[in-house]
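J.: Submitted below is the structure of interest, expressed as structure tokens.
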Amino acid sequence: MHRNSIRRLTLTAMFIALGYLLPFLTGQIPQVGSMLSPMHIPALLCGFVCGWQYGLVAGAIMPLLRSVTLGMPPMFPTAVAMAFELAAYGCAAGLLYRAFPRRIAFVYIALVLSMLVGRAVWGLVTAVLMMATGSSFTTQAFLAGAFVNAWPGILLHILVIPPIVVGLRRAKLMD
């Protein structure tokens, strides 16, 4: 196996571990955890740092692993929908980061677009899962879950992720 591939696999495993551990910081207050979305951070970072394929895999694994081992988030529909959402975050972050010029502004643009893609995927998957159970998922529920209740996490991600990506790039720890 190529040395770069081994490095990316190792980093992906570390991002998955981070995604497993970060929710413990907010676990005592579930409302805070759902507002700050701590698992989103390593999924997005994995896409930026390792590439879209690794970000997709890491994002898909994190919520399912936590659900299977800890029971949180609940498997259906939450962890299943989150697996698609976080996979979309990691994939989009990796693709967009590589498609844009290497300027700080484009890190922010890639991040915001990735978050929009992930939220759209979450909404679609949640709607399908709700339909399959005979429940409804309204536009108001989507907007509340994706944006209104999530604004603290959105702000946190915008404040934290780009400086980390830029710092890793400047330290020559990223391609």
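J.: How large is the helix-only mean residue ellipticity at 222 nm for the chain, computed as the sum of -39500 (n - 2.57) over DSSP H runs with n ≥ 4, divided by its residue count, in deg cm²/dmol to the nearest 500? Mind dumping the intermediate values first?
T.: Numbers: 9 runs with 134 residues, N = 175.
Result for the chain: -25000 deg cm²/dmol, rounded to the nearest 500.
J.: With a 1.4 Å probe and all protein chains in place, put SER67, SER34 in order of accessible area, largest first.
T.: Values: SER67 10, SER34 80 Å².
Highest to lowest solvent-accessible surface, that is SER34, SER67.
J.: May I pose another question? Seen from all sides and averaged, what is the projected area of the convex hull of the Cα atoms in the chain, in nm²? Walk me through the numbers on the way to the answer.
T.: Details: hull surface 40.9 nm².
Projected area, direction-averaged: 10.2 nm².
J.: Relative contact order for the chain: what is it in percent, counting Cα pairs under 8 Å that are at least 6 residues apart?
T.: On the way: 242 pairs, mean separation 38.0, N = 175.
Contact order relative to length: 22 percent.
J.: Something else now. Roughly what would the spin-label model give for THR10 and SER136, points 7 Å off Cα along C-beta, in nm?
T.: 5.4 nm
J.: Something else: Roughly how many whole Å is it from the C-alpha centroid of the range 63-111 to that of the range 135-161?
T.: Comparing the Cα centres of the range 63-111 and the range 135-161, I get a distance of 14 Å.
J.: Per residue of the range 137-147, in order, report the coupling 6.51 cos²θ - 1.76 cosθ + 1.60 (Karplus, θ = phi - 60°) as ³J(HN,Hα) in whole Hz, putting x for Gly and Pro.
T.: Values, residue by residue: 10, 7, 4, 5, 5, 4, 4, 5, x, 8, 10 Hz.
J.: Additional query: Quick one: angle between helix 80-99 and the longest Cα principal axis of the chain, in degrees between 0 and 90, rounded to 10, please.
T.: So the helix axis and the longest Cα principal axis differ by about 30 degrees.
The values are calculated or read from the model by the stated rules, or taken from the named source; none is laboratory data. Since this is a predicted model, take the numbers as computed values, not measurements. Because the Cβ atoms are built from the backbone with ideal geometry, glycine has one as well, and the counts that use them run over all protein chains shown. With ligands, DNA and RNA removed, areas are computed over all heavy atoms of the protein, side chains included. Shrake-Rupley method; radii C 1.70, N 1.55, O 1.52, S 1.80 Å.
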